[in-house]
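The values are calculated or read from the model by the stated rules, or taken from the named source; none is laboratory data. What you see is a predicted model, and the numbers here were worked out from it, not measured in a lab. We place every Cβ from the backbone using ideal geometry, glycine too, and count neighbours over all the protein chains shown.
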Amino acid sequence: MNIQLYHPSKSGKGFAASFSDSFQNDCIFATIIRQSGWDENTKTGTFKASREDPTASTIIKLNDLEVSAILDSIDRSRPFSTFHDGDAPKTINFIPWIPKVADGEKPLQKGYSFTITITSKEDSSFKNSFYIGFSFAEGRLIREFLINCLNNHFNLNREKSRIEKSPTKVSPNKYSPQIEKLVEIDKKLKKSGEDMAKAITGITNTLNNFNESDDLI
């Protein structure tokens with residue numbers, strides 16, 4: 001289960017994002033992909049080349065606490081920032097989106113901004129940033145999706161606890177019918193991040209009907 005949000009621009013500097021549930025692993029995968037081109041004839045952006053370029057997209061794994069922090073940012077417009085260490089360290093920010101205004105004008109929040117910045121342990125000057133802005137409506141969509149994902153995680157953990165405590169030695173793979181359906185869907189969608197590849201493909205396949213006037217970048 002995933003959602004995709006995309007904002008190509010005529011300048012070719014747009015981005016698209018996807019959130020995907022991996023409730024069996026108690027996590028959410030999030031990806032941001034950079035726009036690779038613009039078709040002036042159809043007024044649509046393209047992302048195909050970026051799918052084949054490892055420097056043009058990035059994927060992160062969010063645990064339930066980080067997901068909750070994003071929900072708090074959406075609900076209260078409070079900035080959330082965290083750091084993921086690894087071979088390619090990543091700084092993640094989900095903050096209020098407040099565009100710059102002319103002197104004397106009052107800045108107003110227009111939504112939320114989601115940024116992932118990749119750095120290098122070997123080269124302190126290296127930085128590869130991915131950014132996308134979300135409208136309030138998109139923020140609400142993300143909120144409802146993430147809440148649903150957390151509920152899936154809670155339900156599955158409750159099922160696991162029930163099985164472990166069962167006096168009849170229930171098979172560890174025997175879930176209730178509702179949870180079993182979710183497990184089967186999850187198995188079909190993802191193996192070692194395959195869900196992200198599917199999400200990125202879905203983003204590309206749905207771009208044809210996008211109008212440049214909806215650009216939030």
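Which condition does A49 not pass, out of (1) over 30 Å from N151 (Cβ atoms); (2) in contact (Cβ under 8 Å) with a residue 24 or more places away in the chain; (3) among the hydrophobic types (A, V, I, L, M, F, W, C), if it passes all the others?
(2)
Within the set of pairs 6+ apart or on separate chains, which have a first residue in the stretch 20-45 that is touching a residue at least 60 places away in the same chain (Cβ under 8 Å) and within 30 Å of L65 (Cα to Cα), a second that is of a type in the set (V, I, T) and exposed (fewer than 14 other Cβ atoms within 10 Å of the Cβ), and C-beta atoms under 9 Å apart?
Qualifying pairs under 9 Å: R34/T55.
Which one of K43, K127 is in contact with an Asp or Glu (Cβ under 6 Å, 6 or more places away or on another chain), farther than 29 Å from L150 by Cβ and not polar (S, T, N, Q)? Break it down stepwise before answering.
On the way: K127 fails: in contact with an Asp or Glu (Cβ under 6 Å, 6 or more places away or on another chain).
The match here is K43.
State yes or no: is I70 assigned to a strand (DSSP E or B), on the phi < 0 side of the Ramachandran plot and of a type outside the set (G, A, S)? Give the derivation first.
Numbers: assigned to a strand (DSSP E or B): no; on the phi < 0 side of the Ramachandran plot: yes; of a type outside the set (G, A, S): yes.
Taking the combined requirement at face value, the residue does not satisfy it.
Working only within the stretch 25-54, note down all residues that are under 22 Å from the mean Cα position of the chain (by Cα) and either part of a helix (DSSP H, G or I) or among the aromatic types (F, W, Y) (or both).
Answer for the stretch 25-54, where residues must be under 22 Å from the mean Cα position of the chain (by Cα) and either part of a helix (DSSP H, G or I) or among the aromatic types (F, W, Y) (or both): N25, F29, F47, K48, A49, S50, R51.
Among the candidates P54, P96, single out the residue that is at pLDDT below 90 and of a type outside the set (A, V, I, L, M). If you could, list the steps in order and put the result at the bottom.
Details: P96 fails: at pLDDT below 90.
The match here is P54.
Small (G, A, S), surrounded by 22 or more Cβ atoms within 10 Å (Cβ to Cβ) and over 23 Å from I118 (Cα atoms), is that true of G45?
Numbers: small (G, A, S): yes; surrounded by 22 or more Cβ atoms within 10 Å (Cβ to Cβ): yes; over 23 Å from I118 (Cα atoms): yes.
Yes: the conditions hold for G45.
Any residue that is in contact with a Cys (Cβ under 7 Å, 6 or more places away or on another chain), surrounded by 13 or more Cβ atoms within 10 Å (Cβ to Cβ) and within 23 Å of F136 (Cα to Cα) - is there at least one of those in the stretch 22-34? Steps first, answer last, please.
So the first thing to find is which residues in the stretch 22-34 are in contact with a Cys (Cβ under 7 Å, 6 or more places away or on another chain), and the list is 23, 28.
Now drop any that are not surrounded by 13 or more Cβ atoms within 10 Å (Cβ to Cβ), which leaves 23, 28.
Next cut, within 23 Å of F136 (Cα to Cα) only: 28.
Yes: the stretch 22-34 contains one or more residues that are in contact with a Cys (Cβ under 7 Å, 6 or more places away or on another chain), surrounded by 13 or more Cβ atoms within 10 Å (Cβ to Cβ) and within 23 Å of F136 (Cα to Cα).
Look through I70, I3, I60 and report the one residue that is among the hydrophobic types (A, V, I, L, M, F, W, C), under 18 Å from S129 (Cα atoms) and under 16 Å from the mean Cα position of the chain (by Cα).
Details: I70 fails: under 18 Å from S129 (Cα atoms); I3 fails: under 18 Å from S129 (Cα atoms).
Result of the check over I70, I3, I60: I60.
State whether one or more residues within the stretch 146-154 are at pLDDT below 95, more than 14 Å from the chain's Cα centre (by Cα) and over 20 Å from D26 (Cβ atoms).
No - not one qualifying residue is present in the stretch 146-154.
Collect the residues in the stretch 110-163 that are of a type in the set (F, W, Y), touching a strand residue (DSSP E or B) at 6+ places or on another chain (Cβ under 9 Å) and within 28 Å of D85 (Cα to Cα), keeping them in residue-number order.
Let us first name the residues in the stretch 110-163 that are of a type in the set (F, W, Y), namely 112, 114, 126, 130-131, 134, 136, 145, 154.
Going one step further and asking which of them are touching a strand residue (DSSP E or B) at 6+ places or on another chain (Cβ under 9 Å), we end up with 112, 114, 126, 130-131, 134, 136, 145.
If the condition is that a residue be of a type in the set (F, W, Y), touching a strand residue (DSSP E or B) at 6+ places or on another chain (Cβ under 9 Å) and within 28 Å of D85 (Cα to Cα), then Y112, F114, F126, F130, Y131, F134, F145 are the ones that fit.
What strands (runs of 3 or more DSSP E) completely inside the stretch 74-139 contain at least 2 residues that are of a type in the set (G, A, S)? Even if it seems obvious, please write down each step before you answer.
Working: elements: 80-84, 90-97, 111-119, 127-135.
Once the strands (runs of 3 or more DSSP E) in the stretch 74-139 are filtered for at least 2 residues that are of a type in the set (G, A, S), what remains is 111-119, 127-135.
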